[in-house]
1. For the chain, what is the mean residue ellipticity at 222 nm derived from helices alone (per DSSP H run of n ≥ 4: -39500 (n - 2.57); sum divided by total residues; nearest 500 deg cm²/dmol)?
2. For segment 73-129 and segment 13-54, write down the distance between their C-alpha centroids in whole Å.
3. Can you put 81, 90 in order, fewest other beta carbons within 10 Å first?
4. Give the Rg (one decimal place) followed by the Dmax (whole number) of segment 1-89, computed from C-alpha coordinates and expressed in Å.
5. In Å and on Cα atoms, what radius of gyration and Dmax does segment 77-164 show?
6. So what's Rg/Rh here for segment 11-59, counting alpha carbon atoms and using the Kirkwood radius for Rh?
7. Arranged by the count of other C-beta atoms within 10 angstrom, fewest first, what order do 124, 16 take?
8. Report the residues of segment 92-109 in range of a label on residue 82: point 7 Å along Cα→C-beta, backbone N strictly under 20 Å from it.
Amino acid sequence: MKRIRRNQKGFSLIEMVIVVAIILIIAAIAIPNLLQARVSANEAAAVSSIRTVTVAQVSYFNNYPTVGFAPTLAALGGTNCDNPDENGACLIDSQLASGNKSGYNFTSAGTGPGPSSTYFITGMPTSGNGNRSYCAVEDNVVRYDESGSSIADHDACLALAPLQ
């Protein structure tokens with residue numbers, strides 16, 4: 001015959017269920033805040049990347065006046081930084097030069113006849129990684145679209161609100 005111990009040590013099933021329920025409630029509160037913090041961090045990184053590209057465009061323009069502003073992000077990047085040239089100026093990191101960084105897709109294009117006299121940079125969020133889209137032109141002011149929709153061109157960027 002088995003004896004029932006009355007002084008057993010450990011947790012009862014009810015106690016374990018209560019602890020698990022408390023953990024689930026805390027997780028339900030914390031996870032949305034964590035996701036919003038991630039989106040905010042991606043947006044801040046996108047603004048920083050746009051500013052990096054604007055500075056690189058000005059440097060490119062000064063270093064290669066016969067070309068004007070860089071025609072692509074790849075021209076601002078480069079893999080052979082011992083001898084930078086207009087096809088790989090080594091002004092931005094290779095990840096940004098690839099066009100995808102921190103949940104955003106970036107494009108940059110110098111425009112205009114002869115030496116490019118204007119440029120247009122965009123940063124568009126990939127699915128769920130940001131709420132706003134960003135752009136900049138040769139005045140080096142970062143502008144944004146609150147809806148996160150695609151920014152069509154140079155003039156559409158100029159029509160947007162500047163980032164404060």
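Throughout, read-outs are computed from the coordinates displayed, never taken from laboratory work. Computed from a predicted model, the values in this text were never measured in an experiment. No Cβ is skipped: glycine too gets one built from the backbone with ideal geometry, and neighbour counts run over all protein chains shown.
1. On the way: 4 runs with 65 residues, N = 164.
Calculated mean residue ellipticity at 222 nm is -13000 deg cm²/dmol.
2. Rounded to whole Å, the Cα centres lie 31 Å apart.
3. Values: 81 11, 90 18.
Starting with the residue having the fewest Cβ neighbours, the order is 81, 90.
4. For segment 1-89, the Cα radius of gyration and maximum Cα-Cα distance read 29.9, 98 Å.
5. 14.1, 42
6. Details: Rg = 21.2 Å, Rh = 14.1 Å.
Rounded to two decimals, Rg/Rh equals 1.51.
7. On the way: 124 20, 16 11.
Neighbour counts put them in this order, fewest first: 16, 124.
8. 92, 94
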